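We did not get these values from a lab; they are worked out from the coordinates using the rules stated. Only a predicted model underlies this, so the values are computations on that prediction, with no experimental measurement involved. Positions of Cβ are backbone-derived with ideal geometry, glycine not excepted, and every protein chain shown enters the neighbour counts.
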Amino acid sequence: MATLRDVKVGQECTVEKLTGAGAVKRRIMDMGVTKNTRVLVHKVAPLGDPIEVTVRGYELTLRKDEAQCIEVADIVTA
Amino acid sequence: MAETTYIALAGNPNCGKTTLFNELTGSNGYVGNWPGVTVEKKQAPWKKDRDVELVDLPGIYSLSPYSPEEVVSRDFLVNDRPDAVVDLIDVTNLERNLYLTTQVLEAGRPVAVGLNMCDLLKERGDVIDAKKLSSMLGAPVVEVSALRSRNLDKLMQQTVDAARDGVATKGVRCFSPEVESALQKVQAIVGDTAPADLARWYAIKVFERDADAIEPLGLSTEQLDAAEEVIAAVEKSRDDDAESIVTGERYDWIATVMDACVKKAPRQLTTSQKIDRVVTNRVLGLPIFAAVMIAVYWVALVAVGTPATDWVNDNLFSDGFFVNSASQQKYDADTAAYEDGHYADKIDGFLAAADEKGIDTSAASKALAADDRSAADERAIKAFEAEAAGVVARDVPQHDGDGNLTHDGGKVVTKLDSNGNAILSSGQKLDVVKTVTLADFKKAVNAQEPNPHDYAGFVDSVPSAVTGWLQGAGASDAVVSLVVDGVIGGVGSVLGFIPQIFVLFVLLCFLEDCGYMSRVAFVMDRVFRRFGLSGKSFIPMIVSSGCGVPGVLATKTIENERDRRMTAMLTTMIPCSAKLPIISLVMGVLIGADNGAWWVAPMFYFLGIVAIVVSAVMLKKTKPFQGEPMPFVMELPDYHFPSIRSWALHVWERVASYIRKAGTIIFAAAVAIWFLSNFGIAGWKGGDGSFGFLQGMAGAPDTYMDYSILAGVGGALSFVFMPLGFGNWQATASTISALIAKENLVSTFGVLYGLGGATENSVSMWQGFAGMFTVAGTLHVGAMCAFVAFNMLCAPCFAAMGTIRRQMDDPKWFWFAIGYECGFGWVVGLLINQLYELIAFGSFGFWTVVAFALFAAILFQLFRPMPKWDEKDDHILQSLSEEPVA
């Protein structure tokens, strides 16, 4: 299954499931990335990592390793 | 007096909470840390009613158990039971802010909700139905503007009323029927174990398997097993873990609230997004970051900060200054004229010439050296002049302000023979005064060095003014020395940094408050993650190249506690400006002796950077810095211009806390070092062997420090540095005295070798320094470099130590930091010295083996894979079923 890591800049997707456990998973969810949320990948940092996404109307940044814990579907170019 | 009402202020980071706190309190309260963590705690009474005490909780997104900020907030709400809670919400980010609100509402306390930044929302065209929101949340809702101070009293009044009523907010019914019924079951299982108003809170925490949160309940194994059964059933039917189910459902409920209460206007690109298009741009991001850093460095350390600090140090605490520029110019011109006269050289030359002619000069020399010439002195000089009428001295060498011989119009002679005579290369010509006649001598004898006190508009420096005042009051020399050298010298070193710290924090607080700091982390994360630090660690290190004190203080902006501690520990390893005199001393010795080259100074910066990277990688693999990986999942808040008031308060808080905490420790330490270096036993030839204030005793030589307690301590501790090649007591003593301020290393050498006012640019100082490391006629470069490396890396000056202590706010961490720095510095010194001895002298011994063993240990720690520690994750997931809770 595709993860948020695979989503290109400018594409939008829907969160299907969060893998992983503990602090990272909880933090991602606390920041509003939960099941069925729409996420727009906005930007990649100058050195290629982390990425910036728009979720629930604000800008969130996370590392690609963490993005890999987010399984997504329904990827469309916004 | 009415009983104090405690009100906690909760909210997301960047929701305007600090602004609200400052507006409500005027911020004259207590700023410290929460116990045991480096998280800041602020507390102050409400301006309008001093019986209401506000406690500012750290900005958090959730009450989860994963970060120290969240844990202290949760513990405060649940254990310390504030009388009411203000939950401040940034309405431009309503969805995510309400997530914390749903949790705060469950904490069993009366809650009032403030909707902040409503004005911004109106600009966007969105509309919020506050009444409806209030009824859905089951708590009073007030629209406020913290920035414009609107409706704040109304919000506070609602909160205080709620606190007086004491009716806890129920918490919203945000869960699906399935989860809700499971929660009811859990609540029934927990039963009376939890206090009534926290029944639902604990039911949810048990459901989430938050082991830390439910520990105080002391649930029995039967209760836990029963709860586990309920939880497992829900998890199975949902195919998800309980924590995720709870979080997901909270957000789902918030979505329904959003639909009911908010009408959103069509989205446009916000200003913030437009700025970010440039600032965190893939191409421009790094150059902009570099430009901002250079600007901060330049303004704080080059343009404003350092000159201001130098001004305070040089004028207020050293030489005094002029308020009148005409006098200043006249004084400068007179001083230059006096120096051009080379009067001291002329006198010395003339005396030497007279001596050669067989004229007795001893009485005249003694008379000339006296501070205040008595009538007898004057007579002695007159008598000498009468005798030396025909003497003419020729080719008298000139000295510059540092006491160095010069050649070819002011160039310093860098090579001297053992008698202190210049060794010149071919083509060089010593600067000399061609002839000195008796007339010249008379003129020189009567020449007065310009005294600034004689000029209009001169303000005396603090030490000099206090010395005069104390002497006028009849204080003993020991008291004058204690007050002037000990207290004023020590406290002055703190005060001197204030302008620099102030300027720096004006800039840093702006970058932080306007939202750029988060972008720094975004842009630089990739680089710093490699060695276990965060992108924000860069700023303290840049700043530390100027001064470690603001550098350590700047770690406040790092959001991860482990990174914060690690950066505070390591950042002082970058050579600061006070260490530059030590570096130039070494350069002088090496280049002056033709052994070294230009690369010495950059090498010490390189050493600092390598030391930090190596330490970071090593420490990351040790237990205190280990733990679950900290997620880098971070909000990039909207840019906004901070209110001047809140910006100013932010700066003031930082500066004031530095003065308070760093000031006290430095005061004590400076007095202690003063005592050690000025008191001792009069053991010199003709001394009476009694203990006391050395300078005040009869016949004390210029090198009185040789007899001080410091010398004794240095001697006793010198064995520690034997393997590093500098096991003499002078090196140890100056290392200790350098703890007051690193540049003291140089001046202490001056005193120890009786060089008086020699500076790091004096050839005589280079020779003295080189002499300390000369073994059988050869300069021991290894020992010298080891000595300098140790002094660069070991514990910083007391000002910086005081700041580290304040930042760590935990004696254990403080001593760990100091201990690590000294230990690491020692090991690096050992490696340098042993390696040099092996290569240059071919000596191989016990310490060589130790050096190689330590080197291997460092390499092992550097390259071994990350060790596995008990992960807290598993602990939380398993503890419910396993733990027979005590």
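Computed over chain B, the per-residue total of -39500 (n - 2.57) for DSSP H runs of n ≥ 4 gives a 222 nm mean residue ellipticity of -16500 deg cm²/dmol, rounded to 500. Cross-link pairs exceeding 21 Å between alpha carbons, from the set B:K621/B:K812; B:K41/B:K154; B:K620/B:K742; B:K357/B:K442: B:K41/B:K154; B:K620/B:K742.
Size descriptors for chain A (Cα atoms only): Rg and Dmax, in that order, 11.0, 32 Å. Listed by chain and number, the aspartates and glutamates whose alpha-carbon sits under 12 Å from that of B:K274, ignoring those within fewer than 8 places in the same chain, are B:D638. Relative contact order of the range A:4-77, taken over Cα pairs closer than 8 Å and 6 or more residues apart, is 43 percent.
Using Cβ point charges alone (K and R +1, D and E -1), the dipole size of chain B about the Cα centre works out to roughly 1280 debye. Find how many whole Å separate the alpha carbon centroid of the range B:75-131 from the alpha carbon centroid of the range B:473-493. A separation of 55 Å, based on Cα centres.
Around the amide H of B:V172, modelled in the peptide plane, lies no amide H under 5 Å away from a residue 5 or more places distant or on another chain. Summary value for the range B:504-591: 22 percent relative contact order, contacts being C-alpha pairs under 8 angstrom separated by 6+ residues. A Förster radius of 41 Å, combined with the Cβ-Cβ distance separating B:D129 from B:E561, puts the computed FRET efficiency at roughly 0.55.
Taken about its Cα centre, the range B:5-165 carries a charge dipole of roughly 220 debye when the Cβ of each Lys and Arg holds +1 and the Cβ of each Asp and Glu holds -1. Remark on A:T3: its backbone amide H falls under 5 Å from those of A:V72, a criterion applied only to residues 5 or more positions apart or on other chains, H modelled at 1.01 Å from N. Distance from the alpha carbon centroid of the range B:165-235 to that of the range A:20-78 works out to 30 angstrom. Once C-alpha pairs closer than 8 Å and six or more residues apart are averaged by separation and normalised to the residue number of chain B, the relative contact order reads 10 percent. Between B:L859 and B:W469, the contour length at 0.36 nm per residue exceeds the Cα-Cα span by 134.5 nm. Here B:D56, B:D126 are placed in order of increasing Cβ neighbour count within 10 Å, fewest first, which gives B:D126, B:D56. The phi-based Karplus calculation (6.51 cos²θ - 1.76 cosθ + 1.60; θ = phi - 60°) puts the 3J(HN,Hα) values of the range B:531-542 at 10, x, 10, 9, x, 6, 5, 5, 5, x, 6, 4 Hz, whole numbers, x for Gly and Pro. For B:K685, the aspartates and glutamates whose Cα falls under 17 Å of its own Cα, not counting residues fewer than eight places away in the same chain, are B:D702, B:D706.
The Cα atoms of the range B:162-259 give a gyration tensor whose axes a ≥ b ≥ c have a/c of 1.5 or more with a/b no greater than b/c, which makes the shape oblate. Taking a straight Cα-Cα cut-off under 23 Å and skipping sequence neighbours fewer than 8 places away in the same chain, the lysines within cross-link reach of A:K17 are A:K8, A:K25, A:K35, A:K43, A:K64, B:K205, B:K236, B:K872.
Simple spin-label estimate for B:A333 and B:N451 gives 2.2 nm between the two label positions (7 Å along the Cα-to-Cβ direction from each Cα). 3J(HN,Hα) along the range B:273-287, derived from phi through the Karplus expression 6.51 cos²θ - 1.76 cosθ + 1.60 where θ = phi - 60°, amounts to 5, 5, 4, 5, 4, 8, 5, 10, 4, 4, 8, 7, x, 5, x Hz, with x in place of Gly and Pro.
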